[in-house]
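Trainee: Got a structure for you, questions after.
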Amino acid sequence: ETGVTQSPTHLIKTRGQQVTLRCSSQSGHNTVSWYQQALGQGPQFIFQYYREEENGRGNFPPRFSGLQFPNYSSELNVNALELDDSALYLCASSGDGTGLLKRQYFGPGTRLLVL
Amino acid sequence: RKEVEQDPGPFNVPEGATVAFNCTYSNSASQSFFWYRQDCRKEPKLLMSVYSSGNEDGRFTAQLNRASQYISLLIRDSKLSDSATYLCVGSGTYKYIFGTGTRLKVLA
């Protein structure tokens, strides 16, 4: 196990609702990255948080937002849910430095279904 | 062109066979390279990093060709338990860039 946890494991929402997903990073890691994996696709980078600041963002609209807390845990918020937001949402944590320290370790994911 | 491209398969091979997957990458995904394994409805798990000189871990061998911008994964003596999706990953400055994954099914 990677030591990265996510909650909830599964979630069902309806179009237009808002959702918050949570991630606890591995001990000693200060960076959290979020990915969206649609069925049959590879994970797509949403954004990354480093020491409570957004450090980079993929090609996702502003209704995808995030937060990182002083203990380096993180939240992903999605507003105005659309059917296409149905996916597995993965969180990955990593540390400072190079090589092994920067490797990303993935949590088990949150499976979101939007009806 | 996608930043990381791989053949989605599926590759159906008999037990004991050798199978190879290739993956091409663009300049934006060229800092570090990995192969991840993903079982159905689970998170990706690191199979191995890919080093410039090539590296081996048991039945698995990874190669990197920077001149042609591709990486490969070779699985020898396939086991039923190797059935999964194999994701090729290149990293940019701060993000991992995944291919769509190649599905492998090892048949008894």
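Trainee: In Å² (nearest 100), what accessible area is buried between A and B, both sides summed, heavy protein atoms only, 1.4 Å probe?
Mentor: For A against B, buried area totals roughly 1600 Å².
Trainee: If you don't mind, another one. Can you tell me, using C-alpha contacts under 8 Å and at least 6 residues apart, the relative contact order of chain A as a whole percent? Display every interim value, and only then the final one.
Mentor: Details: 296 pairs, mean separation 42.3, N = 115.
So the answer I get is 37 percent.
Trainee: Related question: For chain B, modelled as a GNM with alpha-carbon contacts under 10 angstrom, which of B:Ser81, B:Ser26, B:Ser49 fluctuates the most?
Mentor: B:Ser81
Trainee: Now for a different question. Could you tell me which Cys residues in chain B have no other cysteine's Cβ under 4.7 Å from their own Cβ, answering none if every one has a partner?
Mentor: B:Cys40
Trainee: Under 24 Å between alpha carbons, and skipping anything fewer than 8 positions from B:Lys45 in its own chain: which lysines qualify?
Mentor: Answer for B:Lys45, where 24 Å is the Cα cut-off: A:Lys102, B:Lys2, B:Lys79, B:Lys95, B:Lys105, listed by chain and number.
Trainee: Could you pull out every one of the lysines with an alpha carbon less than 26 Å from that of A:Lys13, ignoring same-chain neighbours closer than 8 positions?
Mentor: Partners within reach: B:Lys42.
Trainee: Shifting gears a bit: Once both labels are modelled 7 Å past Cα along the beta-carbon direction, what's the B:Asn55-A:Leu83 spacing in nm?
Mentor: 4.4
Trainee: So what's the net charge close to A:Phe106: Lys and Arg +1, Asp and Glu -1, counting the other residues with Cβ under 9 Å from its Cβ?
Mentor: 0
The values are calculated or read from the model by the stated rules, or taken from the named source; none is laboratory data. Please read all numbers here as calculations on a predicted model, not as lab measurements. Here the Cβ is made from the backbone with ideal geometry for all residues, glycine too, and neighbour counts use every protein chain on show. With ligands, DNA and RNA removed, areas are computed over all heavy atoms of the protein, side chains included. Shrake-Rupley method; radii C 1.70, N 1.55, O 1.52, S 1.80 Å.
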